[in-house]
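All remarks here apply to the structure that follows.
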Amino acid sequence: MRSSRLPPTLALLAGFLASSLFAAERAYTVAVVPMGTTHEYWKSIHAGAIKAQRELRAEGIAVDIIWKGPLREDDRDQQIQVVENFIGRQVSGIVLAPLDNHALVAPVEAATAAGIPVVIVDAGLKSKAPVSFIATDNLESGRIAARRLGELLHGRGNVILLRVQVGSGSSEEREAGFLEEITKRFPAIRIVSSNQHGGATRDTAMAVSQNLLNRYGAEVNGIFTPNESTTIGMLLALNNAGLGGGKVKIIGYANSQIFVDALRRGDLQGLVVQDPVRMGYLGVKFVIQVLRGEKVPPVVVTAVGMATAENLSDPAIAALLNPPLQ
């Protein structure tokens, strides 16, 4: 009977080919597409993606991260183009924070049809195509902001909600949660304006804020701003109008060091903070797990907290305010 063993040279060659195929199987390219690239919040998403990449590489899984998104958080067409370009490049997977919960449906479903798994982070999408959705409970975070502002105002006064932009799923949920809670829990508080949108930049938000303060500045007692651009725009407008320093109570929403000093100075009375590092981290991890045939949870709710001047040294709040961007 002839031996079934391969000659040594052929055995080595077979082993080399097998290990090469295994290595090729484990080389992945993950595109991470934020809503924008200027705000500090998105840098935290990027830091989380890089953290996941480093851990996976340490496990012997070759992963490359491509970070690309629109400059401004109102450029839907640019974000759609970025996603479509990644589909054309046949990346392994995509982690996406959609600018618009409707406009990004078609490109995400096209990616899925092309065999590219998509994980959605930060803001929801009106589609069942993504393999997972990782975000803050934005409705609840809006309620948290309402409770903080209502308590500061002792349940009475006039309040402004400065919205962000139409179609932004995350901020629209925060706005809805805020309005729901403030009207239910504090019936003596009157919402004097809730239909204005500050837009995606500090300059547009500041201009809208100035118009609001010109109209309501003599009667407004509290304000909620549900993202980074609206928060900084309103703070600048309040200070320019001589209403800073707590004369008008303001609750913001952002993960940015620039607001820590505002809290300490008393210009800002509360800041809702999220965990964007974890969103970016889990986004990349889940893409790789799906590509390797593993199951991932369809929804993950990440941490949220209320930062105030009094709790900045609290470890949980400090961790959210000081992500490892380096």
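FYI, it's all coordinate maths here, none of it is from the lab. It should be emphasised that the depicted structure is a prediction, and the values quoted were computed from it without experimental measurement. Note that we place each Cβ from the backbone using ideal geometry, even for glycine, and neighbour counts take in every protein chain shown.
The string of couplings for segment 38-45 from the Karplus curve (6.51, -1.76, 1.60, θ = phi - 60°) is 9, 6, 4, 4, 6, 5, 6, 4 Hz, one whole number per residue in order, with x for Gly and Pro.
Largest GNM mean-square fluctuation among G169, G246, G124, using the chain with Cα springs under 10 Å: G246. Relative to the longest principal axis of the Cα atoms of the chain, helix 228-240 runs at roughly 30 degrees. Taking 0.36 nm per residue of separation and subtracting the Cα-Cα distance, full extension of the segment from H154 to A58 would add 29.3 nm. Between S44, A58, T29, the Cα set farthest toward the positive side of the dipole of segment 24-78 (charges on each charged residue's Cβ, about the Cα centre) is that of A58. Selection among I116, T204, V105 by position relative to the dipole of segment 80-225 gives T204 as farthest towards the positive end (Cβ unit charges, Cα centre). Zone of N85 (label point 7 Å along Cα→Cβ, backbone N under 20 Å): which residues in segment 118-156? Within reach of a label on N85, which here means backbone N under 20 Å from a point 7 Å along Cα→Cβ, segment 118-156 contributes 118-119. Magnitude of the charge dipole for the chain, about its Cα centre and with charges confined to Cβ atoms of Lys, Arg (+1) and Asp, Glu (-1), is about 480 debye. As I understand it, the dipole of segment 138-254 uses +1 on the Cβ of Lys and Arg and -1 on the Cβ of Asp and Glu, about the Cα centre. Which of G252, L149, S170 lies farthest toward its positive end? Sorting the options by dipole projection puts first L149. The count of lysine pairs in the chain that are at least 8 places apart or cross chains, and whose C-alpha atoms lie under 20 Å apart, stands at 10. Short to long, the 5 Å bins of the Cα pair-distance histogram for segment 138-254 hold 2, 13, 27, 26, 20, 9, 1 percent of all pairs.
Here the peptides 188-194, 286-292 are ranked by packing, the mean other Cβ count within 10 Å, and the order with the highest first is 286-292, 188-194.
Ordering E59, E228, E40 by the number of other Cβ atoms within 10 Å of each residue's own Cβ, fewest first, gives E59, E40, E228.
The three principal axes of the Cα atoms in the chain give end-to-end lengths of 99, 40, 32 Å, sorted in falling order. Our summary gives segment 270-326 a relative contact order of 50 percent, counting only alpha carbon pairs under 8 angstrom and 6 or more residues apart. For the chain, a Gaussian network of Cα nodes joined below 10 Å ranks A123, A49, A114 by mean-square fluctuation, and the top entry is A114.
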